[in-house]
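In what follows, a single structure is set out as structure tokens and then discussed.
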Amino acid sequence: MIGIAIPAHNEESHIEAAVAAALRATRHPGLADEPCRVVVAADACSDATEARARAAGAWTVTLSTRNVGLARAEAARALVQAGARWLAFTDADTRVSDAWLVQQLSLGADAVCGCVGVDDWSCHGDDAATVRAHFLGTYEDRDGHRHIHGANLGVSVPAYLRAGGFRSLACGEDVDFVRALEATGARIAWSARPRVTTSARRHARVVGGFADALLRALVPAATVPSTA
């Protein structure tokens, strides 16, 4: 079985699209009808995220930690217990491509670190062109990149367990986990082949996340505060 883990905190406006895209990826003919499961970890949600995720076809787990590391770990735990051999991680504001899982598995690695793309910059208003230009000018969307995104990450269950899974970190849990994988000697593919499209959030959910990286295009010398 292949598992897809999605952490979510108050993502009712995005979660249905994220789950729908994940489910399309599970139906790719290249998977030869291997069973798949999508698990959304609804973390401290005060909106309809969990109900909408279930209605869209995902399994859900509920926690109240407001901690993305623990949310990823809880979704992964549920999938491992269900018999998953491969864990694919993405985010609630992200739509994976139809071939996302097939491309991760085709690389023959213990883990896969993929790139992210953005197709709508309009949330940045008058600054949209500046932020987009900064992203396109500094981001390496190619094989051999060294980006680490929780929105586009895959790992075999044995490698995940050897690395100890995701730690209780409110931000940077993906980087921390990949460093733990490296420490175990895991074979990591740094590939642009598994494709995802993510949100160009104007307001950061956590300090140091992808939204912060985009906002530094506007205030590169300053620390961008979180509005979480």
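The values are calculated or read from the model by the stated rules, or taken from the named source; none is laboratory data. Quick caveat: nothing in here was measured; it's all calculated off a predicted structure. When we count neighbours, we look across all protein chains shown, and the Cβ atoms used for this are built from the backbone with ideal geometry, even at glycine. To get the accessible areas, we keep the full protein, side chains included, count just its heavy atoms, and leave off ligands, DNA and RNA. Shrake-Rupley method; radii C 1.70, N 1.55, O 1.52, S 1.80 Å.
List of remarks:
- Yes/no for Ala75 being surrounded by 22 or more Cβ atoms within 10 Å (Cβ to Cβ) and part of a helix (DSSP H, G or I): yes
- Number of positions in the range 1-13 that are open to solvent by 10 Å² or more (accessible area, probe 1.4 Å) and outside any loop (DSSP other than H, G, I, E, B): 1
- Residues that are part of a strand (DSSP E or B), in contact with a Gly (Cβ under 8 Å, 6 or more places away or on another chain) and either closer than 17 Å to Asp93 by Cα or modelled with pLDDT under 95 (or both) within the range 14-56 comprise Val38, Val39, listed in sequence order.
- Residue that is least open to solvent (accessible area, probe 1.4 Å) [pool: residues in the range 140-163 that are out of contact with any helix residue (DSSP H, G or I) (no Cβ under 9 Å at 6 or more places or on another chain) and assigned to a loop (DSSP other than H, G, I, E, B)]: His145
- Members of the range 41-65 found to be of a type in the set (Ser, Thr, Tyr), open to solvent by 90 Å² or more (accessible area, probe 1.4 Å) and within 23 Å of Ala82 (Cα to Cα), listed by number: Thr62, Ser64
- Selection within the range 92-132 - of a type in the set (Gly, Ala, Ser) and more than 16 Å from Ser199 (Cα to Cα): Ala99, Ser106, Gly108, Ala109, Ala111
- Residue that is farthest from Pro35 (Cα to Cα) [pool: residues in the range 70-102 that are in contact with a strand residue (DSSP E or B) (Cβ under 8 Å, 6 or more places away or on another chain) and polar (S, T, N, Q)]: Thr94
- Those residues of the range 14-40 which are more than 19 Å from the chain's Cα centre (by Cα) and open to solvent by less than 60 Å² (accessible area, probe 1.4 Å), in sequence order: His28, Gly30, Leu31, Glu34
- Residues of the range 78-100 classified as surrounded by fewer than 24 Cβ atoms within 10 Å (Cβ to Cβ) and assigned to a helix (DSSP H, G or I), total: 3
- Residues (open to solvent by less than 20 Å² (accessible area, probe 1.4 Å) and modelled with pLDDT under 90) located in the range 101-127: His124
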